[in-house]
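Okay, so here's the structure we're looking at.
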Amino acid sequence: MNGHIIDGKTLIPAIGYLAMAWETMGMLHAEMHTELSVVFEDVTFIRATHIPKEGEIQLTVMVQKGTGRFEVTENSSAIVTGFIRIVKNPAQEKIPAALLPEDDEEEEVMNTKDIYKELRLRGYQYSGMFRSLKSASKSGNKGHIAWMGNWVTFLDNMLQIMILGIDTKALFVPTKIRKIVIDTKLHQQEIRKLNPEDRQFAVHVYKDMDAIIAGGVEIRGVKATAIPRRLTSGDPVLEEYKFVAHRDRAQVSLKEAISLSTQIMLEYHQTIHVKTIELIDDSDDVTEDKLASPMLTEILGNLPLIQSKIYLSAPSNRFNGNDDLLSNVTAIDINNIPKEENILLAVGIGLLSVSKNHQLDKILSKLKNGGFILTREKSFKPENLSIPSKYNLDVILEKNTGEETIILLKKKKQLCRKTEIIRVNNDEFTWLEKLNSFMNLENEIADMRIILVSEGDLESGLLGFVNCLRKEPGGEVIRSILIQDTKAPKFSLQNPLYSEQLQLDLPINVLKPGKIWGSYRHQLLSSLEPKLVHHAYIDQMVRSM
């Protein structure tokens, strides 16, 4: 039952309690319970039972011989109640086949990955045999369940497809079931008809009749109740979303510069696995509190789904004074990092100086194609910007902390041979057909770059659209230009203003008045000072379970 995880908690599945009553009924009749056809009626689930990682729980099952009333208790407290009885002719307990509507022609377009991604977004983190739904229609009215030889997971998957068909993102759990008919003989007959190598039962949800049918099982009258999601215990991250120029050398904090660089990196590489390395040598004048690695740990830790690996390459015993600060940072010699590690971001000090050329060469040998380098220049000179081109690097970001200049570099990739321009318009949508036709060219799209251009529209939704597109299969070819300058020249690949920016191969490029290129970024809000007030108002928004 370890695969039955709801909202982060491992719970005994609702059907698991019924299986206990079924097994008890088999013991009372000295028969294998899986050979007894039974009917459950008026089942009520009073509360859920959490399965601890360590230790055990003790449940008691009681079945009255005369009435068939059963009760599952924990510490004398009822958890589940209902009625169970053995039936000789289970077909009489079911809805007559003549009353069931004919099967529609709706295609089962959702596969296992699609189904459990949708359920995971709602709070169901199923694994193992609890992920036995192999296909389903969009409406959730039909699908297929793999038979794994386990009655509990099979019936649970029948409930899953019903929940899938509820048009909501809320978290639902069953609280009552009016009737369940389990015809074991019919079920075994159906199993023998299936392909032994891929045994799948068709499952149908008849919403008008409030029934779910698969194999020899019929479930009727399921009442599911929405429960509040468990709130995360972490502190909220308060940010603002605003335009940030890329190369204005504006003064920011070191943490802000690293955050901006990280967002640019993750926008370019659509991945949840991020590996970074910071290089420090004996000549670098930097203290532990000024290291970039702990800041990277915090910044990446605040981003949902991101799984990071932060490396620090420094002389041994250089930073042994503060274990808490470097608790999530892995010390390593850069020479021991294999090329296959695919480092996305490398951070160093003074990498554009002649004395650090050897260090820059090491970094480039470990950096992923299209990877980024953040260099902290103590004594920066404009002529230093000629150095990156010698190493096949583009300058992406320039900021200043007051003590040093922060420069973000990107390792150049060979640009695609074919470029397609699509002009986005909020008033008419014929361009969508053109975009769709390009996205469907599976064989040609790999060597193509599609640039979406929005100009003359200050309220364009292009940025959100591009962010979504790039998460789709083949979406990595999408680039965008958002022109928020009414006096800017009309977009053309022949105009250096646009062609030079597109050479950087960034997914999102925003042009502001004054020929300023940048993008919109999330930045932490500055802390507010608390003030004394005469009155306060508190409202409890979420009911406790």
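The values are calculated or read from the model by the stated rules, or taken from the named source; none is laboratory data. Being a predicted model, the structure only gives us computed values, none of them experimental. Methodologically, a virtual Cβ is constructed for each residue, glycine included, from the backbone with ideal geometry; neighbour enumeration extends over all protein chains shown.
Quick one: would you say Arg131 is of a type in the set (D, E, K, R), surrounded by fewer than 13 Cβ atoms within 10 Å (Cβ to Cβ) and under 26 Å from the mean Cα position of the chain (by Cα)?
Here the answer is no, as Arg131 does not meet what is asked.
Could you identify the single residue in Met162, Met158 that is over 23 Å from Met32 (Cβ atoms) and in contact with a strand residue (DSSP E or B) (Cβ under 7 Å, 6 or more places away or on another chain)?
Result: Met162 is the single residue among Met162, Met158 that is over 23 Å from Met32 (Cβ atoms) and in contact with a strand residue (DSSP E or B) (Cβ under 7 Å, 6 or more places away or on another chain).
I'm trying to understand the selection: among the residues of the stretch 366-417, which are assigned to a strand (DSSP E or B), among the acidic types (Asp, Glu) and touching a Lys or Arg at 6+ places or on another chain (Cβ under 6 Å)?
Within the stretch 366-417, Asp394, Glu398 meet the criteria.
Residues being in a loop (DSSP other than H, G, I, E, B), of a type in the set (A, V, I, L, M, F, W, C) and surrounded by 17 or more Cβ atoms within 10 Å (Cβ to Cβ): count how many of those fall in the stretch 476-525.
Total satisfying the criteria: 3.
Among the residues of the stretch 382-389, are any closer than 24 Å to Ser259 by Cβ, at pLDDT 85 or above and not hydrophobic (A, V, I, L, M, F, W, C)?
Looking for residues that are closer than 24 Å to Ser259 by Cβ, at pLDDT 85 or above and not hydrophobic (A, V, I, L, M, F, W, C), one finds at least one in the stretch 382-389, hence yes.
Rundown of residues vs (1) touching a strand residue (DSSP E or B) at 6+ places or on another chain (Cβ under 8 Å); (2) surrounded by fewer than 16 Cβ atoms within 10 Å (Cβ to Cβ); (3) in contact (Cβ under 8 Å) with a residue 40 or more places away in the chain, yes/no style:
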| residue | (1), (2), (3) |
| --- | --- |
| Val237 | yes, yes, yes |
| His246 | yes, no, yes |
| Ser261 | yes, no, yes |
| Ile272 | yes, yes, no |
| Leu279 | yes, no, yes |
| Val286 | yes, no, yes |
